[in-house]
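Take a look at the structure set out below.
The values are calculated or read from the model by the stated rules, or taken from the named source; none is laboratory data. Note that this is a predicted model, so its numbers are computed, not measured. Every residue, glycine among them, receives a Cβ derived from its backbone with ideal geometry; neighbour counts consider all protein chains shown. These area figures cover heavy atoms from the full protein model, side chains too; ligands, DNA and RNA do not enter into them. Shrake-Rupley method; radii C 1.70, N 1.55, O 1.52, S 1.80 Å.
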Amino acid sequence: MGPRKLRLLWQFLLFLVLALKILSAADFDPYRILGLSRTASQVDIKKAYKKLAREWHPDKNKNPGAEDKFIQISKAYEILSSEEKRSNYDRYGDAGENPGYSQQQHHHFRHFHDSFYFDESFFHFPFNSERRDSTDEKYLLQFSHYINEVVPDSFRKPYLIKITSDWCFSCIHIEPVWKEVVQELEGIGVGIGVVHAGYERRLAHHLGAHSTPSILGVINGKISFFHNAVLRENLRHFVESLLPGNLVDKITDKNYIRFLSNWQQENKPHVLLFDQMPPVPLIYKLTAFAYKDYLSFGYVDLGQREAEQMSSQYNINMYAPTMLVFKEHIHKPADVVQARGMKKQVIDDFISTNKFLMASRLTNQKLFQELCPVRKSHRQRKYCVTLLTGEGGKFQKAYESFLAFASANTKDTLRFVHVFKDRQRELTSALLTEEDKHPDKSSVAILERRNSAGRIVYKTLLKIWSGSEENKFALLDFLDRLRKDPSVLSSEIILSDLNDELAPVFFLRWFYTAVDYWADVWESVLHNNWREMMPLLSLIFSALFILFGTVIVQAFSDSSDERDSVPSEKDEPSDKEKSTDTNYTKENTRVPKKGFVEVTELTHVNYMSNLVRLRPGHMNVVLILSSSTKASLLQRFAQEVYTFTGSSSLHFSFLNLDKHREWLEYLLEFAQDAAPIAYQYDEHFLERDYTGYVLALNGHKKYFCLFKAQSTLEEEKLSEESELSPLSGDTLRKISLGSGAGHIKKKLNKLSLWMERLLEGSLQRFYIPSWPVLD
């Protein structure tokens with residue numbers, strides 16, 4: 001057969017596949033495929049899908065038609081799990097957004113061999129995050145985008161970032177809550193990001209996310225991980241906890257004068273929000289964080305009696321939130337906004353137009369550049385009318401006169417500022433002549449910045465500024481001439497950067513840096529971020545060993561010599577005590593009371609009493625096993641936990657994986673860091689082997705700790721003969737410690753060490769909203 005015939009045959013086969021797909025799509029009924037009625041709930045849809053997906057997955061089902069069946073199941077779930085697609089299907093018989101969707105499907109096809117098309121959704125499963133949740137697409141982050149945009153922007157607003165991946169059932173579980181939280185928080189000023197760990201491994205590693213799903217916050221360039229249950233209130237509190245605690249002051253009648261009077265020391269306008277909500281609204285905290293460099297923020301609770309004087313003085317409406325901004329005059333607000341629903345856009349517009357005082361003091365180069373921007377065109381001129389004066393009461397009249405002139409001549413082309421000559425000596429020397437530099441005199445200069453390198457043109461008024469009416473008329477006449485002829489700014493000079501008057505001294509900067517560093521270290525230690533903490537921990541322990549190792553070793557050597565002395569006959573342990581597990585020692589205070597371990601099977605009969613209604617302070621340690629591994633795992637489990645049976649607060653049970661797999665999988669969805677990121681396709685993701693897992697369940701506080709079974713290189717065959725009595729349907733078993741060693745040697749390795757950490761309270765806890773039903 002020649003190449004031409006092969007090509008024709010290949011095209012015919014492709015056409016046949018496409019035709020069959022179109023014919024099958026005409027008879028595609030997602031309800032029939034999942035075996036559901038049209039009134040089925042989302043819970044029923046998810047349950048039916050998981051059941052059918054396990055049954056028809058191609059890696060598990062070797063039936064030739066399993067792959068096609070699995071694809072149909074996946075597409076059916078994709079339609080019915082989305083309320084929008086389900087509604088369109090119910091109304092129009094199609095999952096598109098409108099009745100004309102079927103005529104527009106060719107837009108979703110791709111060319112193949114210049115004449116054939118394939119619907120790309122045919123090759124996607126609903127686990128794929130991009131197909132599963134299109135709302136995440138606009139939030140997807142790449143490494144360069146995160147470094148160049150998100151990190152700098154995090155100094156103005158906090159970011160909430162979700163780490164997701166394909167084939168992640170826990171990611172599906174948190175999606176409804178995530179969508180609701182994103183819609184709420186983005187509307188009030190929180191940045192949102194999504195990182196797909198499969199495609200952006202570099203960024204996921206940079207963020208320190210080693211499992212999916214993970215949620216983290218970024219503020220001021222620092223990363224903090226979310227460690228609680230994914231609930232709306234928890235995520236909202238997490239974002240609020242990222243913000244500094246001193247952003248908004250609580251203002252009452254007793255301290256509002258002192259708060260507003262700080263404008264001169266801080267060189268900032270002051271904002272007051274009046275509302276009847278006892279806690280400060282989150283949107284107001286976010287606004288305070290975004291504009292913390294420009295304004296100071298206070299909050300007044302109108303529900304308290306301590307706010308009656310302010311409410312009366314400023315004529316506040318008690319039934320709508322009111323925002324006042326104060327500048328140089330504390331008894332009269334410079335601007336006011338009032339609205340029943342205080343939206344972010346309204347607040348931003350109000351704050352942006354009131355970022356500066358009427359005559360701000362130039363305290364650093366950044367403020368100088370913002371108040372006096374570089375001229376970009378003749379229509380964008382900004383002239384800075386600058387008062388060069390001194391500090392103290394003798395200069396107060398000159399300053400107040402300048403401020404009154406500024407208030408009466410507010411124009412878009414003019415900015416009024418003042419400078420303390422003693423604090424900005426280089427600027428003063430550049431703008432004033434030797435005669436004008438007299439320490440008791442004030443002067444006015446008008447300048448315009450021409451480039452960012454410091455080049456300015458300026459003109460200093462000849463007369464000393466004393467605040468007289470003659471001074472005001474002379475300045476007004478010069479500004480009028482400047483508006484008609486910009487060339488009156490006849491002098492030119494290059495300025496160096498201004499001194500940063502408000503910068504902390506070196507010791508304080510070092511102290512703040514050290515505090516931030518140790519806060520990050522404590523956060524990492526507290527939440528067991530061991531991968532990043534390992535180098536630091538290694539350094540600390542090495543130093544401790546060098547300093548104190550010799551003394552500690554010597555002390556233990558002396559005490560061990562005394563303990564190793566020949567014991568008396570009455571202290572000699574009995575033969576029965578010698579036969580217990582080798583992990584048991586005389587120093588252990590949890591002395592076992594029996595020569596066996598009582599292990600109860602967890603069933604629907606005793607589920608309420610052994611878990612849900614367990615007394616406070618008690619925990620049930622549950623071993624996960626299957627029918628084929630019951631004998632071996634129970635034998636090893638008894639050996640590992642025997643030394644802990646003396647504790648009356650511990651109960652021991654086992655759960656049959658063959659009967660209650662769905663209960664276990666539901667519980668493990670809350671152990672979000674227990675599922676490693678799948679960088680490659682996991683062919684056994686639907687049938688994970690959970691045998692050997694151990695869960696410590698606290699029924700009263702609704703949390704559990706997880707021990708993951710140690711991986712084995714090769715599964716050994718189970719022993720056909722055992723010294724244990726046959727385990728039939730009885731619930732309670734007494735497991736002898738004198739029986740055989742068992743054949744599963746590694747799955748429960750280090751369980752005794754895990755039990756030690758459990759009693760110490762140092763294990764990670766996974767909280768759940770309620771215990772699921774065991775049926």
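Quick notes
- Shown in residue order for region 264-272 are the 3J(HN,Hα) couplings computed by the Karplus curve 6.51 cos²θ - 1.76 cosθ + 1.60 at θ = phi - 60°: 6, 6, 8, 6, 9, x, 10, 10, 10 Hz (x for Gly and Pro).
- For residue 140, nonlocal amide neighbours, meaning residues 5 or more places apart or on other chains whose placed amide H falls under 5 Å from its own, are 194.
- Under 5 Å, built H, 5+ apart or other chain: amide partners of residue 442: 465
- For region 143-210, the fraction of 1.4 Å probe accessible surface lying on carbon and sulfur atoms is 52 percent.
- Projected label distance in nm at residue 355 and residue 470, using a 7 Å step from Cα toward the beta-carbon: 4.0 nm
- Here the 3J(HN,Hα) profile of region 625-634, calculated from phi with Karplus coefficients 6.51, -1.76 and 1.60 at θ = phi - 60°, is 9, 10, 4, 7, 10, 4, 4, 5, 5, 5 Hz, Gly and Pro shown as x.
- Whether region 393-476 is rounded, prolate or oblate, judged on the alpha carbon gyration tensor where a/c under 1.5 counts as rounded: oblate
- Rounded accessible area per residue of region 338-438, 1.4 Å, Å²: 52 Å²
- Highest to lowest packing among 298-306, 409-417, 161-169, 478-486, scored as the average C-beta count within 10 Å: 161-169, 298-306, 409-417, 478-486
- Nitroxide proxy distance, nm - points 7 Å out along Cα→Cβ at residue 410 and residue 477: 2.8 nm
- A simple rule links phi to the HN-Hα coupling: the Karplus curve 6.51 cos²θ - 1.76 cosθ + 1.60 with θ = phi - 60°, which for region 208-220 gives x, 8, 10, 8, 10, x, 10, 10, 9, x, 10, 8, 6 Hz, with x for Gly and Pro.
- Listed pairs 254/397; 46/179; 366/441; 463/484 exceeding 25 Å between Cα atoms: 254/397; 366/441
- Restriction of the GluC sites (Glu not before Pro) in region 430-503 to DSSP coil positions whose beta-carbon has at most 11 other beta-carbons within 10 angstrom yields 434, 435.
- For region 43-91 versus region 644-658, the inter-centroid distance based on Cα atoms is 38 Å.
- Antiparallel bridges, percent of DSSP beta bridges restricted to region 280-432 (to nearest 5): 30 percent
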